[in-house]
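Asker: First the structure, which I've put down as structure tokens, then a few questions once you've had a look.
Where a number appears in this text, it was derived from the coordinates with a stated rule and is not lab data. All values reported here derive from a predicted model rather than from experimental measurement. Here the Cβ positions follow ideal geometry from the backbone for every residue, glycine too, while neighbour counts run over all protein chains shown.
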Amino acid sequence: MERSIEAAAARPLKRPWMTENRRGQLTAYLFISPFFLLFAVFGLYPIIFTIYLSFFKWDALGPMTYVGMQNYKWVVEDPTFWISFGNTLLISAMGTVPQLIIALVLAVMLNSGLTRMKKGLRVLYFMPNITSIVAVTLVFSTFFGNHGMGNWLLNTLGFDDVAWNSGWWGVKIAIASMVIWRWTGYNAIIYLSGLQSIPTDLYEAARIDGASRSQQMAYITLPLLKPFILFTVLLSTIGSLQLFTEPYVFLGQSGTGSTRQEGITMVIYLYSEAFRNSFFGTAAATAVMLFLITILFSVVNMWVSNRLGGDTEGRG
Amino acid sequence: MVKASTRNRNADKPGFAASFFYHLVLIVGAAFSVFPFYWMFVISTRDKSGAFHVPPLLTPSDQFVANFKRALEQSDFFHALGNSAIVSISVTASVLFFCTLAGYAFAKYQFRFKTPLFFFVIGTLFVPQQLGVLPTYVIMAKLQWIDTYKALIVPAMVNAFGIFWMRQYISSAVHTELIEAGRIDGCGHFRIFWNIAVPVITPAMATLGIFTFLNTWNDFFWPLVVLKNSEHFTIQIALQQLFTVRDGLDYGMIMSATFMATLPLLVVFLLFSRWFITGLTSGAVKS
């Protein structure tokens, strides 16, 4: 058990220790207060105000007029909102699923003890993650230009050109590939650290019992890796629901292109409602809905992974 | 993964074929990670149309200086780099100080409502930034902080992740006996923190500092919202602006600027990669 200052101070000593104790408490409050002050002003208040704002019509300058649920109604009836919703989910799935699977494969291979290059490879795999999203998007936009490397590769393989920066699927694939490139190595390294935390005697015992490598994978590795998988799934889901920079920069070439329907995401929708159209009310309603969707997805994620976890335990 | 493992179903140790296959996949993966960096460099040394040459150009040429000169004409590149440095350094210094202080209090002090307050801190991690962006913008407008660095620095001065991270580390790394010894010697609370706790926890501070710096440096959404005037742009906004030119994209110029903006981070990363990766992995293990 860890001992703390108060535990030491609370030992039956002379009376002055009591005031010392209070002093300690006040000091602690003082030490943690910057976070709470800042959060109150730039965290809590804005959240409450966003919810409040979502019931008003406001252009950020003039007076606010109460409109009830009208903002939500406007948003829900706006086809662009639903396009942004669908795009966000689709790009999330296209970016997250391959990313996590590739990361898992790489981590298992890195951990297999076959390679002595583990340290060096970890550094290389992590490099994409330190690059800014803007830089990633700019580099990838050369791959996905009309005569870029993407189409050259397709042509060499005998396929037709894909309109990466204007086609409905093209844009989504381009954006998803940027997400995959930037995050796969990050997740691989998290999985690798998870794999390294699994005690090797478990595998030895399994081998003695005659378990094959795929059985070891199914009954030891994956169940014990579950917390790490849960962590990465949750993080990448929340992250991809907030997708903004990649499509904004990628489609923003001609100034106003970022709201084009192939690539508009929910945060871009929110951004353009507020800062282009000055509809702060509907933007606030969008923010609230985005938040609710995020919570919903996190809960569903946890629920599904718990169910899956229960399954493997049942079979094992 | 399944393929590779079924292949050696009955083997105790994977054979030569599996070893070859593993290395092949791992090296191809690494090539995918590194190639865009190399490509960025190649294009930055080619002329305007280099990015769309058929077949793709894979070797550098000699146009880098010319390209980067055009980038300097189009943007206030070094000014933007300086702005990013000012903002990132201020945020990092402040986050290190306040998060360590709060993490220390949560790890080593007993006070009322400690546990609920700590859970509250953790809970704020799950609130997406975009939820509060409109009112925060309004606050900035009221404070007349729009288009200033204060709008970027002040809200980021302390964060929940940093507090969580420092608390975890301080709990195990700073021994309570040390603190008690300091108190018996008559040191004040802050002096104990500064002279006894901080020197022990510099590794955790290094990791937190690197991550904070990177995140601030790479941030795009909030600077885009609050910065209006090009002389205040951070490097990310300046790069994005280069990309919005209407009369044909000059990729040589854009890539030369992107390369110059990425190079410092890359150098820092390669020098300190140990801190990055241990920080990342132990953060994941603990949460």
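Asker: Residue by residue through the stretch A:225-230, what is 3J(HN,Hα) from phi via Karplus (6.51 cos²θ - 1.76 cosθ + 1.60, θ = phi - 60°)? Round to whole Hz and write x for glycine and proline.
Answerer: 7, 3, x, 6, 5, 4
Asker: So, one more: What number, rounded to the nearest 500 deg cm²/dmol, is the helix-based mean residue ellipticity at 222 nm of chain A, given -39500 (n - 2.57) per DSSP H run of at least four residues and division by all its residues? Can you show the working numbers first?
Answerer: Numbers: 15 runs with 225 residues, N = 316.
About -23500 deg cm²/dmol.
Asker: State the extension gain, in nm to one decimal, for the chain segment bounded by B:Gln110 and B:Lys48, taking 0.36 nm per residue of separation less the distance between their alpha-carbons. Could you put the intermediate results ahead of the total?
Answerer: Values: separation 62, 0.36 × 62 = 22.32 nm, distance 6.35 nm.
Extra length available between B:Gln110 and B:Lys48 comes to 16.0 nm.
Asker: Taking Cα pairs under 8 Å and at least six residues apart, what relative contact order does the stretch A:182-291 come out at, in percent?
Answerer: Working: 60 pairs, mean separation 17.5, N = 110.
Across the stretch A:182-291, relative contact order equals 16 percent.
Asker: Enter the mean number of other protein chain beta carbons within 10 Å of the beta carbon of each residue in A:35-45, as an integer.
Answerer: Working: counts 15, 6, 2, 7, 8, 0, 5, 9, 9, 3, 4.
Mean partner shielding for this stretch: 6.
Asker: How large is ³J(HN,Hα) for each residue in the stretch B:223-230, as worked out from phi by the Karplus curve 6.51 cos²θ - 1.76 cosθ + 1.60 (θ = phi - 60°), to whole Hz, x for Gly and Pro?
Answerer: x, 4, 6, 9, 8, 10, 9, 4
Asker: Which of the chymotrypsin sites (Phe, Trp or Tyr not before Pro) found in the stretch A:84-172 are in a DSSP loop and have at most 10 neighbouring Cβ atoms, other than their own, within 10 Å? Write out the running numbers ahead of the final one.
Answerer: Numbers: sites: A:Phe85, A:Tyr125, A:Phe126, A:Phe140, A:Phe143, A:Phe144, A:Trp152, A:Phe159, A:Trp164, A:Trp168, A:Trp169; in loops: A:Phe144, A:Phe159, A:Trp164.
In loop regions of the stretch A:84-172 (DSSP not H, G, I, E or B), the sparsely surrounded chymotrypsin sites (Phe, Trp or Tyr not before Pro) are A:Phe159.
Asker: Continuing with this model, one more query. Show me the three semi-axes of the equivalent ellipsoid for the protein assembly as shown, from the C-alpha gyration tensor (sqrt of 5 times each eigenvalue), largest first, rounded to whole Å.
Answerer: Working: eigenvalues 309, 242, 127 Å².
After diagonalising the Cα gyration tensor, the semi-axes are 39, 35, 25 Å.
Asker: With θ set to phi - 60° and the Karplus curve 6.51 cos²θ - 1.76 cosθ + 1.60, what are the ³J(HN,Hα) couplings of the stretch A:164-172 in order, to the nearest whole Hz, using x for Gly and Pro?
Answerer: After applying 6.51 cos²θ - 1.76 cosθ + 1.60, I find 4, 9, 9, x, 5, 7, x, 4, 5 Hz.
Asker: Would you work out which of A:Leu251, B:Ile179, B:Ala105 lies farthest towards the positive end of the dipole of the protein assembly as shown, given +1 charges on the beta-carbon of Lys and Arg and -1 on that of Asp and Glu, about the Cα centre?
Answerer: Projecting each Cα onto the dipole axis, the largest value belongs to B:Ile179.
Asker: Let me ask you something else. Which longest uninterrupted range of chain B lacks any trypsin sites (Lys or Arg not before Pro) assigned by DSSP to a loop state (not H, G, I, E or B) and surrounded by at most 13 other Cβ atoms within 10 Å? Write out the running numbers ahead of the final one.
Answerer: Numbers: sites that count: B:Arg9, B:Arg112, B:Lys228, B:Arg246.
Longest site-free region, per DSSP loop and neighbour criteria: B:113-227.
Asker: State the Kirkwood hydrodynamic radius of the stretch B:75-242 in Å, one decimal place, computed from all pairs of distinct Cα atoms. Before the final figure, lay out each step's value.
Answerer: On the way: mean 1/r = 0.0568 Å⁻¹.
Hydrodynamic radius (Kirkwood, Cα pairs) of the stretch B:75-242 is 17.6 Å.
Asker: In Å and on Cα atoms, what radius of gyration and Dmax does the stretch A:38-144 show?
Answerer: Using the Cα atoms of the stretch A:38-144, the pair Rg, Dmax is 22.5, 68 Å.
Asker: Cα atoms only, the stretch B:18-91: Rg and Dmax in Å?
Answerer: Reported Rg and Dmax, both Å: 17.9, 54.
Asker: Specify the residue with the greatest mean-square fluctuation among A:Ala218, A:Ala284, A:Ala93, computed from a Gaussian network of chain A linking alpha-carbon atoms under 10 Å apart.
Answerer: The residue that fluctuates most here is A:Ala218.
Asker: Take chain B, connect every pair of alpha-carbon atoms lying under 10 Å apart with a spring to form a Gaussian network, then pick out the residue of B:Ala31, B:Ala257, B:Ala51 with the largest mean-square fluctuation.
Answerer: Checking each option, the largest mean-square fluctuation is seen for B:Ala31.
Asker: For chain B, what is the number of Lys pairs with C-alpha distance below 28 angstrom, counting only pairs 8 or more positions apart or on separate chains? Numbers along the way, then the final one.
Answerer: Working: B:Lys3/B:Lys13; B:Lys48/B:Lys69; B:Lys69/B:Lys228; B:Lys108/B:Lys286; B:Lys114/B:Lys286; B:Lys142/B:Lys150; B:Lys142/B:Lys228; B:Lys150/B:Lys228.
Here the count comes out as 8.
Asker: In deg cm²/dmol and to the nearest 500, what is the mean residue ellipticity at 222 nm of chain B if only DSSP H runs of at least 4 residues count, each as -39500 (n - 2.57), divided by the residue total?
Answerer: Numbers: 14 runs with 197 residues, N = 287.
Dividing the helical sum by the residues of chain B leaves -22000 deg cm²/dmol.
Asker: Whose amide H sits under 5 Å from the amide H of A:Phe56, counting only residues 5 or more places off or on another chain, with H placed in the peptide plane?
Answerer: Placed amide hydrogens put A:Val67 under 5 Å from A:Phe56.
Asker: Have a look at A:Pro227, A:Pro46, A:Pro34 and tell me which one the Gaussian network model of chain A (Cα, springs below 10 Å) gives the largest fluctuation.
Answerer: Most flexible of the set in this elastic network: A:Pro34.
Asker: Using only the C-alpha atoms of chain A, find the volume of their convex hull and express it per residue in Å³.
Answerer: Working: hull volume 76.3 nm³, N = 316.
Convex hull volume per residue, Cα atoms: 242 Å³.
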